[in-house]
């Protein structure tokens, strides 16, 4: 992804976010800023899902992306409860081209050698806003999916425009379909849909997923501020 889509240097989302069948929906607050280190510029995302004082559990993500192509440099996901904060999932791209993936509950600690650009799904609401909607119908990127214990080729298809009603209001959106491609796609047939505003800055509006019981549930924008 490479189209900056008129994104400002800092902005925030508030999202109605589905975690799992035990937790259900929570409010997620996502803060995006540009960071300069040396001569390089990066996107940094901090997100907070839920409130452990109310629900008994919350999550924090800390993600750093390359500024120009939105690929992931690092991603840490923490579970927060009455016992404190615990790292449960992480992603680290090193300068030598290796990438380490960690997931506590799945007992995954995997290092991949030179897999190429990889996108963290926790950064999709920002990274996919850079899809070149006007002149490209599809693309394939690598994305780490802990359910399958590795990074997988993910096909992104631009399905056109659709008007979406969300808690934040009504928006004319581009609709992207995501699915695992290649031979491994036979074992991972699920599809996901993300919606971004046609108007710039192209911010996230909705993510539709099929949950454990087969029901389709949307994660939806409550507020976008910059």
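The values are calculated or read from the model by the stated rules, or taken from the named source; none is laboratory data. In this text the structure is predicted, and so the values were computed from the model without any measurement. Cβ: placed from backbone, ideal geometry, glycine included. Neighbour counts: every protein chain shown.
Within segment 61-93, being under 16 Å from the mean Cα position of the chain (by Cα), in contact (Cβ under 8 Å) with a residue 40 or more places away in the chain and part of a loop (DSSP other than H, G, I, E, B) holds for 69, 70, 71.
Residues that are loosely packed, with under 14 Cβ neighbours inside 10 Å, out of contact with any strand residue (DSSP E or B) (no Cβ under 6 Å at 6 or more places or on another chain) and modelled with pLDDT of 90 or more number at least 2 in the following strands (runs of 3 or more DSSP E) confined to segment 94-205: 150-166, 169-180. Filtering segment 77-93 to residues that are under 26 Å from residue 140 (Cβ atoms) and surrounded by fewer than 18 Cβ atoms within 10 Å (Cβ to Cβ) leaves only 92.
The numbered conditions (1) closer than 19 Å to residue 209 by Cβ; (2) in a strand (DSSP E or B); (3) without any contact (Cβ under 8 Å) to a residue 60 or more places away in the chain are all true for residue 23 except (2). For segment 209-225, the criterion of being within 24 Å of residue 7 (Cα to Cα), touching a strand residue (DSSP E or B) at 6+ places or on another chain (Cβ under 7 Å), outside any strand (DSSP E or B) and at pLDDT below 90 is met by none of the residues.
Let's see how each residue does on (1) surrounded by 16 or more Cβ atoms within 10 Å (Cβ to Cβ); (2) at negative phi; (3) touching a helix residue (DSSP H, G or I) at 6+ places or on another chain (Cβ under 8 Å):
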residue	(1), (2), (3)
19	yes, yes, no
23	yes, yes, yes
26	yes, yes, yes
36	no, yes, no
40	no, yes, no
43	yes, yes, yes
47	yes, yes, yes
58	yes, yes, yes
